[in-house]
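Quick notes on the structure that follows.
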Amino acid sequence: MELTRDRFIDQFAITFQVHCLRLWSRRPKSAPMHLATCFYEWIGTNGGLISLSAADFARIAEPVIEDLHRSTPKGQRPDADRLADLLYDALDAASAEVTLKPLEMVKPAR
């Protein structure tokens, strides 16, 4: 993947924490697989471009969510940095490409 692990975590972990992990129930009976869609959409909203469809992304993200569900103590939500790290590994192993959109500088009005 062109994007480095550290850059991926810096770019997306806070977004995952604020917008997606707050939806992670603290009393779940099963892993919240629906959050794969949240992660996919917020990567795009936060300046990322993904070489996968939402369905393909979900197939890669679901094992990460399942692993976090098993390893997170009951009554807590997973750490966003750990989530981003595991998601990066899964995307990299699948040869998926995540890049950042180029920054557009706003020109002042005349």
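Which net charge results when you count Lys and Arg as +1 and Asp and Glu as -1 among the other residues whose beta-carbon is under 13 Å from that of ALA54?
Around ALA54, the surrounding residues sum to -2.
With charges set only on the Cβ (+1 for Lys and Arg, -1 for Asp and Glu), what does the dipole of the chain come to about its Cα centre, in debye to the nearest 20?
Dipole magnitude for the chain comes out near 620 debye.
Where in region 75-90 does the label zone of SER51 land, with the point 7 angstrom along Cα→C-beta and an amide N cut-off under 16 Å?
88-90
Hey, in the GNM for the chain with a 10 angstrom Cα cutoff, which one of ILE65, ILE14, ILE43 fluctuates hardest?
The residue that fluctuates most here is ILE14.
How high is the relative contact order of region 1-57, in percent, counting Cα pairs under 8 Å that sit 6 or more residues apart?
So the answer I get is 32 percent.
Once both labels are modelled 7 Å past Cα along the beta-carbon direction, what's the ALA109-ALA96 spacing in nm?
4.1
Excluding residues fewer than 8 places away in the same chain, name every one of the aspartates and glutamates whose C-alpha is closer than 13 Å to that of LYS101.
Hits, sequence-local ones excluded: GLU2.
Which whole-percent values make up P(r) of the chain when all C-alpha to C-alpha distances are grouped in 5 Å steps starting at zero?
P(r) for the chain, in whole percents per bin: 2, 12, 24, 25, 17, 9, 5, 3, 2, 1, 0, 0.
With an 8 Å cut-off on Cα pairs and a minimum separation of 6 or more residues, tell me the relative contact order of the chain in percent.
Numbers: 115 pairs, mean separation 44.7, N = 110.
This gives 41 percent for the chain.
Take each of the peptides 24-34, 99-109, average the number of other beta-carbon atoms within 10 Å over its residues, and list them starting from the highest.
The peptides rank, most packed first, as 24-34, 99-109.
Every read-out reported here was derived from the displayed coordinates using simple, explicitly stated rules and does not represent laboratory data. Source: prediction; values computed, not measured. All Cβ positions, glycine included, derive from the backbone under ideal geometry; neighbour counts span all protein chains shown.
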